[in-house]
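Below is one structure, written out as structure tokens; the observations come after it.
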Amino acid sequence: MQMNMVSAINDALRVTMRADERVVVLGEDVGKVGGVFRVTAGLQEEFGEERVIDTPLTETGIIGNAIGMALGGLRPVPEIQFGDFIYPAFDQLVNEAAKYRYRSGGEYTCPMVVRVPVGGGIKGGHYHSQMPESLFIHTAGLKVVCPSNPYDAKGLLISSIRDNDPVLFFEPKRVYRALKMDVPEGDYTVDLSSAKVIREGEHVTCVSWGAMLFEALAAAEELKDQGVETEVIDLRTLWPLDAQTIVESVKKTGRLVIVHEAAKACGLGAEIVALLCEKAFLHLEAPPKRVTGYDTPFPYTNENEYLPLAHRIAPALLETARY
Amino acid sequence: MEVHQSYPPSALPWAADQEVIAVLDLEGRADATHDPRLDLALVTRIYKAMTRTRMIDLRLTKLQRQGRIGFHVGAEGEEAAIVASAAAMRDGDWLFPCYREVGAALYRGFSLQAYVDNMYGNANDVVHGRQMPDHITARSVRFGSVTAPIGTQITQAVGFAHAAKIRREDIVTASYFGDGATSSNDFHAGLTFAGVFNLPTLFLLRNNGWAISVPTSHQTAARALADKGIGYGVRAVRVDGNDALAVYRVVNEATRRASQGGGPTLIELITYRAGAHSTSDDPTAYRDKAEVERQLKRDPIRRLRKYLERQGAWSDAQEQAHEAEVTEELKQCIERAEAAPPPSIASMFEDVFEHMPEHLAEQQRECVQGPRAKKGH
């Protein structure tokens, strides 16, 4: 069935809620109106106000409640309306949800999936465009997922809801309605620990995720005419990282470019470069390169200059391939 | 002019204008108005748990001073607020503590050995020495996992009650927190949710007068902390938190009400932090001696003992026997805890996730096989 990412995520929620009555959805505007992006549209009609809950407007409250629900035997799927608004809940996420299993010696666990629309490219300015993955990867105990397409979005979300650890599920807003693809009806999962090589190439490896993956692919296509074949890896699950897939690819190509929307300093790209230096240094033929958002706040008017779009990725790939 | 008005009518009175519910006077005489007329065996059980908690606190403080444990945060003077409230709830109800309510877990049967093992962070510690002393986890007695950030347990207790309501389980939850936590985000968010969804949860506010060095008058300009309930549509009651019988009565009634769909209650337990905030603190630097002396006259243990003695249910001989029993029990627990080895280094990497990911397995190997830190660094 043809689905965009919005309908694929909606379908994943429907499928899991039908199969498991412990799954509940909560957040600002998620019920009657189906969320500001309509990702939860129709769920309240089918599952009722008790399982699809319009909450008061407090992110601390939403996540603190969801944690309590998880401890109490439910599988909550809270939505934070925009990634930019997640910070009031930071304490509950990094000190509480992320640490429950560890600090209780496994007596308590916190199975919940925090759905978060993220990223730029929708003319949202600083408060509707951020990519905060690094903040959550840096604290132990959270899984971080970011699908790039409808098929993965549905399969990864179903896996995340069934996972016994807290998962931050980052949904790239720019992709929400940008493409449709064939998505199976009913139940299927996409493994939470594997990156995917989505384009094979022998000259340079390009690692990306979320909305920027399409920019990386566009740049890779552009370079074909110049004889450069780029291997593109979609990370899909950002943490824990599938380092093996990246290392294997770089052992083949000897060259690495990482593309992400988030700011450069301490971005996930920095970690991937460091890992590669530790695990495959002698295979490197060129300095690894990062094409990322800048270390500025996310700008409104110039967002297409801030984002690492194809026009910035292609020269970086070329330079790395020919170094 | 017509003003838009979509609020439900509220009949909540200002808590500051209501009486502070009390049963026992300073000499242990019970006022019949609010006396819950508890079975004396139950009162004795509560009393023994309160004195046991006090004795454990005093012993642990000494161990810290001797350098045998690293830290202790005690509950001296607040035993009625902690133990009688736990006693007033049902076995199946869930408690979400801050870090001062170990006495509630012990009342419910959490083993003293497990607690002392936690104080030492040894290999027998349920949480493998991952947390500071007093940061216990006691799921077996439906008691949460202690955390240091202020107030975070409040929204979680509310969420647990929300889950119970959705699952049609007759469970009431309670969060414990101090006066300082009434300024936290989670207090606001917790009461907001509990009010809106009419959840079966109690907010057990131990107003002990001090948040480390900051007095309650610097937490709020309200006349009473309990008045904060009005803004959330949450019923609030003030009770003498050093009066075990009054605490029991109020918490028991609120539990029954919540269980029957009557919604949440904010209960301000007016108590006093007789000791320091923790072993890292010296209250003589900021607290008036006269205030402390005045407050110590309200000591909850002495009042309840006098009550029991008046009823002919407690004697000096029983007191001595109880003290000897707890002293011996503590001695054995401490000996065992000190004899236990530290947790394994490998365990530091477990329970981050359900299944250990490759990067942690790698770091675990690196750490276990690597050089060791010097002793006594």
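The values are calculated or read from the model by the stated rules, or taken from the named source; none is laboratory data. Note that the coordinates shown come from a computational prediction; the quantities given were computed from them, not determined experimentally. Glycine gets a Cβ as well: all are built from the backbone with ideal geometry, and neighbour counts include every protein chain shown.
Taken over the range A:193-213, the criterion of being closer than 27 Å to A:Thr16 by Cβ and buried (at least 20 other Cβ atoms within 10 Å of the Cβ) is satisfied by A:Ala195, A:Trp209, A:Gly210, A:Ala211, A:Leu213. Taken together, B:Val146, B:Val127 contain a single residue that is free of Cβ contacts under 8 Å to residues at least 60 places away in the same chain, assigned by TED's automatic domain parsing to the domain that holds B:Arg303 and under 20 Å from B:Gly178 (Cβ atoms), which is B:Val146. If you check A:Gly124 against the conditions, is it over 17 Å from the mean Cα position of the chain (by Cα), within 13 Å of chain B (Cβ to nearest Cβ), surrounded by fewer than 23 Cβ atoms within 10 Å (Cβ to Cβ) and of a type in the set (Gly, Ala, Ser)? So A:Gly124 fails the test. Is the range A:128-144 home to any residue that is in contact with a Phe, Trp or Tyr (Cβ under 9 Å, 6 or more places away or on another chain), within 25 Å of A:Tyr188 (Cβ to Cβ) and of a type in the set (Val, Ile, Thr)? Scanning the range A:128-144, I find at least one residue that is in contact with a Phe, Trp or Tyr (Cβ under 9 Å, 6 or more places away or on another chain), within 25 Å of A:Tyr188 (Cβ to Cβ) and of a type in the set (Val, Ile, Thr), so the answer is yes. Checking each residue in the range A:139-165 for being of a type in the set (A, V, I, L, M, F, W, C), within 18 Å of A:Pro117 (Cβ to Cβ) and away from every other protein chain (no Cβ under 14 Å) picks out A:Cys146, A:Ala153, A:Leu156, A:Leu157, A:Ile161. Do you know which residues across the range A:285-311 are aliphatic (A, V, I, L, M) and surrounded by fewer than 18 Cβ atoms within 10 Å (Cβ to Cβ)? Passing the criteria: only A:Ala286. The residue of the range B:336-358 that is farthest from the other protein chains (Cβ to nearest Cβ), among those that are surrounded by 15 or more Cβ atoms within 10 Å (Cβ to Cβ) and not hydrophobic (A, V, I, L, M, F, W, C), is B:Arg336. Please verify whether B:Ala246 is assigned to a helix (DSSP H, G or I), touching a strand residue (DSSP E or B) at 6+ places or on another chain (Cβ under 6 Å) and within 16 Å of B:Ala80 (Cβ to Cβ), treating the condition exactly as stated. Taking the combined requirement at face value, the residue satisfies it. Comparison of A:Leu13, A:Leu43 shows that the only residue that is crowded, with 24+ Cβ neighbours inside 10 Å and touching a helix residue (DSSP H, G or I) at 6+ places or on another chain (Cβ under 8 Å) is A:Leu13.
B:Ala114 fulfils the conditions (1) within 14 Å of another protein chain (Cβ to nearest Cβ); (2) within 16 Å of the chain's Cα centre (by Cα); (3) surrounded by fewer than 23 Cβ atoms within 10 Å (Cβ to Cβ) except for a single criterion, (2).
On the stretch given as the range A:61-119, residues that are in contact (Cβ under 8 Å) with a residue 12 or more places away in the chain, more than 26 Å from A:Val39 (Cα to Cα) and in contact with a His (Cβ under 8 Å, 6 or more places away or on another chain) total 0. Criterion first (at pLDDT 95 or above, on the phi > 0 side of the Ramachandran plot, assigned by TED's automatic domain parsing to the domain that holds A:Phe169 and not charged (D, E, K, R)) does A:Gly121 satisfy it? Answer is no for this residue. The set of residues in the range B:128-152 that are more than 8 Å from every other protein chain (Cβ to nearest Cβ), part of a loop (DSSP other than H, G, I, E, B) and either at negative phi or touching a strand residue (DSSP E or B) at 6+ places or on another chain (Cβ under 9 Å) (or both) comprises B:Met132, B:Pro133, B:Ile136, B:Arg142, B:Val146, B:Ala148, B:Ile150, B:Gly151. Here the range A:166-194 is the region considered, the condition is being part of a loop (DSSP other than H, G, I, E, B) and acidic (Asp, Glu), and the residue that is farthest from the other protein chains (Cβ to nearest Cβ) is A:Glu185. Scanning the range A:2-45 for residues that are within 14 Å of chain B (Cβ to nearest Cβ) and among the basic types (Lys, Arg) yields a total of 1.
Kindly provide the set of residues from the range B:188-241 that are among the hydrophobic types (A, V, I, L, M, F, W, C) and within 17 Å of A:Thr55 (Cβ to Cβ), ordered by number. Those that are among the hydrophobic types (A, V, I, L, M, F, W, C) and within 17 Å of A:Thr55 (Cβ to Cβ): B:Ala189, B:Leu191, B:Phe193, B:Ala194, B:Val196, B:Phe197, B:Leu199, B:Val234.
Contact annotation: residue pairs with Cβ atoms under 7 Å, 6 or more positions apart or on different chains, pairing a residue in the range A:152-173 that is closer than 16 Å to A:Asn10 by Cα and in contact (Cβ under 8 Å) with a residue 12 or more places away in the chain with a partner that is of a type in the set (Asp, Glu) and not in a strand (DSSP E or B), are A:Lys154/A:Asp11; A:Ile158/A:Asp187; A:Ser159/A:Asp191; A:Phe170/A:Glu133. Residues that are exposed (fewer than 15 other Cβ atoms within 10 Å of the Cβ), within 30 Å of B:Gly121 (Cα to Cα) and modelled with pLDDT of 95 or more within the range B:280-335 comprise B:Glu323, B:Ala324, B:Glu325, B:Thr327, B:Glu328, B:Lys331, B:Gln332, B:Glu335, listed in sequence order. Within the range A:46-86, how many residues are within 11 Å of chain B (Cβ to nearest Cβ) and under 17 Å from A:Pro166 (Cα atoms)? Number satisfying all stated conditions: 19.
Of the helices (runs of 4 or more DSSP H) lying entirely inside the range B:289-377, those carrying at least 2 residues that are basic (Lys, Arg) are B:289-296, B:300-310, B:316-339. Restricting B:Thr220, B:Thr155, B:Thr182, B:Thr192 to residues that are surrounded by fewer than 24 Cβ atoms within 10 Å (Cβ to Cβ), outside any loop (DSSP other than H, G, I, E, B) and either among the polar types (S, T, N, Q) or away from chain A (no Cβ under 13 Å) (or both) narrows the list to B:Thr192.
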